[in-house]
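Read through the structure below, which is laid out as structure tokens, and then see the notes.
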Amino acid sequence: MRSCKPLAAAALGVLTGAALLTPVALGGAAAQAVPPAGTAPIVKLWSWNWKSVARECTEVLGPAGYGAVQVSPPHDSMSKGGSVWWDVYQPARYALTSKFGDENAFKAMVEACHGAGVKVHVDAVINHMTGQGSASYGGYSFGKYDYPGLYSSADFHSPTCTINDGDYTGDGWRVQNCELVGLADLNTGSEYVRGQIAGYLNKLTSLGVDGFRIDAAKHISPADLAAIRSKLTGSPYLHLEVIHGDREKVQPGQYTGVGDVHEFVFGRKMKEQFTGQIHWLETFGQSWGLSVPSDRAVTFVDNHDTERNGSTLNYKYGAAYKLANVFMLAWPYGTPRVYSGFTWDDKEAGPPSANGGFVTDTDCGNGRWTCFHRQVTGMVGFHKAVAGAPVANWYDNGDNLIAFSRGNKGWVAINNGNASVTRAFTTGLPAGTYANAAGSGSVTVDGSGNATVTVPARSAVAVHTGGPSPSPTASPTASPTVTPTPGRVAASFNANVTTAWGQNVFVVGDVAELGSWNPANAVALSAASYPVWRATVNLPAGRTISYKYIKKNPDGSVTWESDPNRSFTTPSGGTVTRDDSWR
């Protein structure tokens, strides 16, 4: 949580001022504490509205195998008319009337995600209320210590005090009882306040919510959090925001008895390594200063705070950012959380919005949303396939190329260098041919578990057993069952296309159903099976169709694949499939 300008800068300094630790022992690959099997990755769709989250669960997250989606705070908040991102971290009341949608849209989103096999985690802001403003997105009027029907001045810590930078290393009591960047600090030691907070969380679980990310948990005592947790119905999963600083009085380890804890050092170390030399990662683990045991840690390359304050990588780092996420999904430490937000130049600016600040539907092709989670859907499958397997067969070139296996279940090579590398690797996998889960192409492993692999510059190759591979022993993935309409043919387009950040793939052709060669009307392909992009379109039967694939870039431009046009003739009925690769 970082909000309430102009005081937010002081809080950001607390995080960015934390020292980056240097790894110690640099010998052979250290034994890793392997997280328990079944810890499927979380995806954080930050500042997406409920309608867009619902669609993404159905079309991308469920098919890709993401275990849960973390959504933004759903409560009514102080309104800045959409001009900033941080107004949603200043609750005005616990009604579900946020700038992301109303209660009905929220319930529909939860139902859609559950229907796709994806759990829903809510970003819960329970440490404080507002620090400014007097009107909410839901039309509610309030004061900093006066929230009619909910809280009055008696429900906040009194006398009021402000958290100063020196308090983090000097006075843990002030960190947990004074105001964070001017926000009205709730007295979470009060039974009444605990009951109101628990009532809000219990309402969300009654709507199907499966877990909560507890915002600013570091600013609530563990005892108060445990007391609130004891009032919750069911057993929702809790993961807590506890920012780590070496000499701070409040430490992440104090909270592991309440829930899992966000491991902030992880993201800092990813930036340090992927802007330097990644061969040091051989020993990556708690000896590097990570503060939370693997089985209690939620890991991430960046989040909405750190992508803005410079302490971690973010989408603007391009290939290095993607490769750090590949490593996170391949390495056995914690429960990984992939992050997708919106693009920004102004660090304070809010997400795309209209009509007084209500967030508009996410469009992954217009350059305003990062939609990064779509780029690593194959690695989500890798992470699930290798669960419980230890690191083995480590290789590095002493610089920016590393490779390792996860037992005999998966193998990954990451090239953070500027030149392609071809060499023989020991993969530890059974003989066969495997699809690259981190990009395009395949890897053929011989009977000794070895493979000669080309790892392109600033790219990765990852293969695993049990996935959609072209192994001779594997069954081909069936095409979706489609019922065409009379006089029409269900044409499935499957295009193997490697994309850069922000690019999306479309098919366009000479018939109206394919946009009549107009890129603005082209048919979007789903990245759920990335690097294969898919769509099924009903086309006229018995007709010769000309088409091409295009990439729509973040700046709005269009990249066409090379000539000549592709063509085929649809049959008189039934279905037809086009399996293509970008050229």
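Picking from LEU238, GLY318, GLY381, whose Cα lies most toward the positive end of the charge dipole for the chain (charges on Cβ: Lys, Arg +1; Asp, Glu -1)?
Value computed over the given set: GLY381.
Using the Karplus curve 6.51 cos²θ - 1.76 cosθ + 1.60 with θ = phi - 60°, what ³J(HN,Hα) values do you get for each residue of region 152-165, in whole Hz, with x for Gly and Pro?
With the stated coefficients, region 152-165 comes to 10, 4, 5, 9, 10, 4, 9, x, 5, 8, 10, 6, 9, 3 Hz.
In sequence order, what are the phi-derived ³J(HN,Hα) couplings for region 291-302 according to the Karplus relation 6.51 cos²θ - 1.76 cosθ + 1.60 with θ = phi - 60°, rounded to whole Hz, with x for glycine and proline?
Going residue by residue, I get 9, 10, x, 3, 6, 10, 9, 9, 9, 7, 7, 7 Hz, with x marking Gly and Pro.
Would you tally the net charge around VAL489, using a Cβ to Cβ cut-off of less than 13 Å, leaving VAL489 out, and scoring K and R as +1, D and E as -1?
Local net charge: +2.
Provide the FRET efficiency to the nearest 0.05 for the ALA392-ASN366 pair, computing r from the beta carbons and using R0 = 30 Å. Please list the in-between numbers first.
Numbers: r = 43 Å, r/R0 = 1.45.
Step by step, r from the Cβ atoms, then E = 0.10.
What angle, in degrees between 0 and 90 and rounded to the nearest 10, separates the Cα long axis of helix 103-115 from the longest principal axis of the Cα atoms of the chain?
The helix 103-115 is inclined about 50 degrees to the chain.
Taking 41 Å as R0, compute the FRET efficiency from the Cβ-Cβ separation of ALA226 and ALA354 and round it to 0.05. Before the final figure, lay out each step's value.
Working: r = 42 Å, r/R0 = 1.02.
The calculated FRET efficiency here is 0.45.
Quick one: length gained pulling ASP510 to ARG423 fully straight, 0.36 nm per residue minus the C-alpha distance? If you can, show how the numbers build up before the last one.
On the way: separation 87, 0.36 × 87 = 31.32 nm, distance 4.42 nm.
Gain in length upon complete extension: 26.9 nm.
Mind putting a number on the dipole of the chain about its Cα centre? Charges go on the C-beta only, +1 for Lys and Arg and -1 for Asp and Glu, and I need it in Debye to the nearest 20. Let's see the in-between values first.
On the way: 45 positive and 45 negative charges, 189 e Å.
With only Lys, Arg, Asp and Glu charged at Cβ, the dipole is about 900 debye.
Cα-Cα over 26 Å: which of LYS80/LYS551; LYS44/LYS80; LYS409/LYS548; LYS99/LYS231? Let's see the in-between values first.
Working: LYS80/LYS551 35 Å; LYS44/LYS80 23 Å; LYS409/LYS548 37 Å; LYS99/LYS231 28 Å.
From LYS80/LYS551; LYS44/LYS80; LYS409/LYS548; LYS99/LYS231, over 26 Å: LYS80/LYS551; LYS409/LYS548; LYS99/LYS231.
Rounded to the nearest 500, what is the 222 nm mean residue ellipticity of the chain from helices alone, with -39500 (n - 2.57) per DSSP H run of 4+ residues and division by all residues? Walk me through the numbers before you get to the answer.
Details: 11 runs with 99 residues, N = 583.
After summing the helix terms and dividing by the residues of the chain, the value is -5000 deg cm²/dmol.
Can you give me the distance in nm between label points at ASN521 and HIS114, each placed 7 Å from the Cα along the Cα-to-Cβ direction?
Inter-label distance under the simple model: 4.1 nm.
Mind listing the long-range amide H neighbours of ASN450? Cut-off is under 5 Å, sequence gap 5 or more, other chains count too, H placed in the peptide plane at 1.01 Å from N.
THR427
Give the separation of the Cα centroids, region 409-468 to region 124-176, in Å.
52 Å
Quote the FRET efficiency, to the nearest 0.05, computed for ASN104 versus THR444 with a Förster distance R0 of 41 Å and r equal to the Cβ-Cβ distance. Before the final figure, lay out the partial values.
Values: r = 52 Å, r/R0 = 1.27.
Efficiency at R0 = 41 Å is approximately 0.20.
Report the antiparallel proportion of the DSSP beta bridges in the chain as a percent, rounded to a multiple of 5. Write out the running numbers ahead of the final one.
Working: 65 of 98 bridges.
Just about 65 percent of them are antiparallel.
None of the figures in this text is laboratory data; all of them are computed from the coordinates on show. Note that this is a predicted model, so its numbers are computed, not measured. Counting neighbours? That spans all protein chains shown, and the Cβs are built from the backbone with ideal geometry, glycine included.
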